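Q: Following this message is one structure expressed as C-alpha cells.
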Amino acid sequence: MKNTLVLVLVYVLFQPVILAQEERMMNIFARRCTDFSGFWKYIVDPYENGYYNYRWEPFDRMERPGKGAFFLNAKPDAPSDLVEYDFDRSDSIQVPGDWNTQKEKLFYYEGTVWYKKSFDYQKERASNRVFVYFGAANYRAEVYLNGKKLGTHTGGFTPFHFEITDHVRERDNFLIVKVDNRREREGVPTLNTDWWNYGGLTREVMLVETPGNFIQDYFIRLRPGDPTCIEATIRMNGPEAAGKFVRVNIPELGIRSEGVTDENGWADLTVHSKEIRTWSPEDPYLYEVILETTEERLADRIGFRTIQTRGRSLLLNGRPVFLRGISIHEESPFRKGRAWSEEDARQLLLWAKELGCNFVRLAHYPHNEHMVRMADKMGLMVWAEIPVYWTILWDHEETYRNAENQLSEMILRDRNRASVVIWSVANETPVSEARNRFLTSLAAKARELDPTRLISAALEQTAYRGQPDVRTIHDPFAEVVDVLSFNQYIGWYDGLPDKCGRISWKIEQNKPVLITEFGAGAKQGLHGERTARWTEEYQEYLYEETLKMIGRIDGLQGCSPWILKDFRSPRRVLPGIQDGWNRKGLISEDGKKKKAFTVLQRFYLEKAGDGRE
Ligand code: GCB
C-alpha cells in the first residue's frame with residue numbers, strides 16, 4: 001500500500017507537461033509510403049553557422065532570417081548576391097545511415113549536419129493527408145519543409161513524424177533536416193556510454209499518405225488471464241474521428257468485431273475464439289489482422305501470447321520458460337556501422353538462433369522496427385530498453401520528460417509485437433532517492449501504456465551484509481520491477497574466472513531472476529593461456545565458470561550474456577586488441593565466431609532439452 005502511494009505521488013509529480021502521444025502513428029510500413037532512402041545532400045556545420053546568426057540568434061525564430069539560414073535552401077538571385085552555402089553543390093550521403101562510417105572525415109564527428117532531399121509529390125487523393133516520417137535521427141532533429149519549420153525531435157532511437165498536408169506541393173519541395181548528435185549532460189543517454197555515438201538520419205525517412213480520417217494507433221492483444229479473448233483498442237485521427245465505424249477482422253479465425261469510436265476517436269472491441277493459436281519461440285505464429293473503416297484498410301501480422309510471473313517463475317502462455325538469451329547492440333553485421341535494415345536484423349537474429357536462443361536483449365536503446373518484427377517472425381522473445389544508462393541527471397525535470405517520451409514512443413511503436421515480453425527502463429543506474437523516483441515513475445508510465453508486459457531494468461549486485469563472496473541485490477527499485485534483472489562481471493572486472501567458484505548468491509526477492517550481462521573481452525584469433533586477458537581461451541573459461549555459478553542462483557529464469565558481436569566504443573582504445581571495439585562479442589566485428597560461442601551454445605542446447613517450454 002505504501003509503495004502504491006509513493007508510486008502515485010511520484011507519478012503525479014513527474015507528469016510531463018507536453019506529451020505529444022496523439023501525434024504518434026504506428027505500423028508505418030503497412031501504409032502508403034514513399035521511401036526517401038538514397039542519396040541526400042549534406043553540409044557539415046560544426047559552428048551551426050546555418051542555424052544561428054553571428055549574434056547567436058536562431059534563424060528559425062526570426063521573421064526574416066535572410067539567406068544565411070540553411071533551411072531556406074537559398075540560391076543567389078543575381079551574380080552579386082552573397083550566399084555562402086549550396087546544398088546542390090555539396091557532397092551526398094546515404095539515408096538511412098550513420099555519417100560516421102560513411103565519411104572518413106566524420107568518423108569522430110559530434111555536431112550538426114544538415115541534410116536536404118528534393119522531391120515532387122502527387123497525392124493519391126485530394127482529401128488525403130501527408131506526413132513526413134523519420135524512423136530515427138540521432139540525437140536532435142530540426143525539420144523544415146520548403147523553408148518552413150515543422151518541428152523538433154529529441155532522442156536518437158525512436159520514430160516521429162510531422163504532418164505536411166498543407167505544405168507539400170506537387171513540384172520542387174525541399175525537405176531539410178538539421179541533425180545534431182552532440183552528447184549532453186542532461187540528455188538521455190547522457191555524456192558517457194559504452195557505445196559509439198553514431199549520428200545522422202540512421203533509419204528510414206518516408207512520406208506517408210493517409211485518408212482524411214485514419215487509424216492512427218491500435219493495441220491488439222490477448223486479455224491477460226483469458227487466452228480465448230482478444231482485445232483491440234483502436235484510435236482514429238481526423239476531423240471525423242468520433243462516431244466512426246471500425247472493424248477488426250482476423251480472417252483465419254473467421255472472426256470480426258465492429259464498433260463505433262467514442263467522442264475522442266477511440267473504440268474498444270473484443271473478439272472471442274477458442275481456437276487461438278498462441279505465439280511462442282517454438283511456434284511463432286502470426287495472424288493477419290485487418291483493421292477497416294469506411295476510408296481505410298490497414299493490415300498487420302500479430303501474434304497472441306501471454307507473459308506473466310508467478311513467484312520466481314516466468315510463464316509464457318501459462319507455462320514456465322527459461323530465457324536463453326544474448327544481448328545485442330544495433331550494429332550491422334555487414335557494414336560496421338549502425339544497423340537499420342531488414343537484412344541486418346535477419347543476420348543478427350540468425351546468429352542468436354544458431355546460438356540456441358529464444359530471447360534477445362536489445363541493448364541499450366530501442367532498436368529499429370525491423371528487429372522486433374523479425375523477432376516476431378523468427379520466434380525470439382525480446383527485452384526492449386531505453387537509454388536511461390549509468391548517470392542520467394535524475395533531478396532534472398527535462399531529462400525525465402525526455403526519458404518518458406522515448407519510453408512512450410518505443411512502447412507505442414512496438415506494443416503489438418508478440419516478441420516483446422519485457423520493457424526495461426534503465427541499465428546500471430546508481431541507487432539514490434532521485435533515481436528511484438525517476439525509475440518508479442517510468443515504470444508506472446510503461447504499465448499505463450501497456451499492462452500486458454513485464455517491467456524490468458538491469459540492476460547491479462552487491463556484497464551481502466559485508467560478505468564479499470556472498471552477492472545480493474540491494475536496490476529499492478527491485479520492489480517495483482516484475483523481473484529482477486542484473487548485470488555482473490565476476491571474472492572480468494572482479495577477479496579472474498576462477499572467482500566464480502567462490503561466489504554464492506542470496507537473492508531475497510520472490511521474483512524471477514535474469515542475468516542481463518556477463519562477459520569477457522577476447523580478440524578473435526588470439527590464443528593463449530586461459531588466464532591471459534584478451535585470448536579466446538580466457539573468454540571461454542569465463543563462460544564455463546559463470547554458467548556453473550549462475551546455475552546456483554535460486555529462481556534464475558534466464559540470461560543474456562554480453563554480447564553477440566563486438567561493437568564500436570570510443571572507450572576501448574587498447575592498440576592491437578581493442579582499436580575502438582568492445583571485444584566482449586561472441587562473434588568478431590567481421591563475423592567470425594570465438595570459442596565461447598560454442599560454450600554458450602552447448603549450455604542452451606541442454607537448457608532447451610530440459611522440457612521447460
Ligand atoms: C556494462 C554495461 C555495458 C558495457 C559492458 C562492458 O555493464 O551495461 O553497456 O558495454 O558493461 O563491456 O563493460
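Q: In µm²/s, what is D for the stretch 266-355 at 20 °C and 1.002 mPa s, where D = kT/(6 pi eta Rh) by Stokes-Einstein and Rh is the Kirkwood radius from Cα pairs?
A: In µm²/s, the coefficient is 128.
Q: Please state the equivalent ellipsoid semi-axes for the stretch 353-424: what are the square roots of 5 times the Cα gyration tensor eigenvalues, largest first, in whole Å?
A: Over the Cα atoms of the stretch 353-424, the semi-axes work out to 26, 13, 8 Å.
Q: In whole Å, what are the extents of the stretch 438-526 along the principal axes defined by its C-alpha atoms, from largest to smallest?
A: Over the stretch 438-526, Cα extents along the principal axes are 47, 38, 21 Å.
Q: In nm, give the distance between the simple-model label positions of R277 and D590, each being 7 Å from the Cα along the Cα-to-Cβ direction.
A: Simple spin-label model gives 4.3 nm for this pair.
Q: When the C-alpha atoms of the chain are aligned to their principal axes, what extent does each axis show, in angstrom, from largest down?
A: Each principal axis gives a Cα extent; for the chain these are 78, 61, 45 Å.
Q: At q = 0.09, 0.10 Å⁻¹, what log₁₀ I(q)/I(0) does a Debye calculation on the Cα points of the stretch 320-606 give, no solvent, two decimals?
A: Debye output, listed in q order: -0.40, -0.50.
Q: Moving on. Pairwise over distinct Cα atoms, reciprocal of the mean inverse distance: report the Kirkwood radius of the stretch 214-295 in Å, one decimal place.
A: 13.3 Å
Q: Calculate, for the chain, the solvent-accessible area per residue in square angstrom, rolling a 1.4 angstrom probe over the heavy atoms of the protein chains.
A: 39 Å²
Q: Show me the ranking of peptides 334-346, 565-577, 52-64, 379-391 by mean Cβ neighbours inside 10 Å, starting with the highest.
A: With the highest mean Cβ count within 10 Å placed first, the list reads 379-391, 334-346, 565-577, 52-64.
Q: Ordered by packing density, taken as the mean number of other Cβ atoms within 10 Å over each peptide's residues, highest first, how do 235-248, 36-49 rank?
A: The most tightly packed comes first, giving 235-248, 36-49.
Q: So between K506 and H474, what do we pick up on full extension, going 0.36 nm a residue minus the alpha carbon distance?
A: 10.5 nm
Q: Could I ask something else about it? Quick one: go through the stretch 140-166 and flag any residue whose amide nitrogen is under 11 Å from the point 7 Å out along the Cα-to-Cβ line of S118.
A: Taking a point 7 Å out along Cα→Cβ of S118, no residue of the stretch 140-166 has its backbone N under 11 Å.
Q: Each residue of the stretch 146-156 in turn: what ³J(HN,Hα) in whole Hz from Karplus with 6.51, -1.76, 1.60 and θ = phi - 60°, glycine and Pro shown as x?
A: Along the stretch 146-156, the couplings run 6, x, 10, 6, 9, x, 10, 9, 10, x, x Hz.
Q: A 23 angstrom limit on the alpha carbon distance is what I want to check against. Which of K105/K593; K353/K595; K336/K523; K336/K584 exceed it?
A: Table pairs above 23 Å Cα-Cα are K105/K593.
Q: If you don't mind, another one. When the label point is put 7 Å from the Cα of H527 along its Cα-to-beta-carbon vector, which residues of the stretch 578-599 have a backbone N closer than 14 Å?
A: 594-596
Q: Report, to one decimal in Å, the Kirkwood hydrodynamic radius for the stretch 16-207 based on all distinct Cα pairs.
A: 17.5 Å
Q: Please work out how much length the chain gains when fully extended from A242 to R64, using 0.36 nm per residue of separation minus the C-alpha to C-alpha distance, in nm with one decimal.
A: Gain on stretching A242 to R64: 60.0 nm.
Q: Continuing with the same structure: Beta carbons within 10 angstrom, averaged per residue: use that to sort the peptides 447-454, 482-489, highest first.
A: Top to bottom by mean Cβ count within 10 Å: 482-489, 447-454.
Q: Carbon and sulfur: what percent of the chain's accessible surface (1.4 Å probe)?
A: Carbon plus sulfur share of accessible area: 49 percent.
The values are calculated or read from the model by the stated rules, or taken from the named source; none is laboratory data. As the structure is a computational prediction, the values presented were derived from the model and not from experiment. Please note: Cβ atoms are built from the backbone with ideal geometry, for glycine as well, and neighbour counts cover all protein chains shown. Surface accessibility is based on the protein's heavy atoms, side chains included, excluding ligands, DNA and RNA. Shrake-Rupley method; radii C 1.70, N 1.55, O 1.52, S 1.80 Å.
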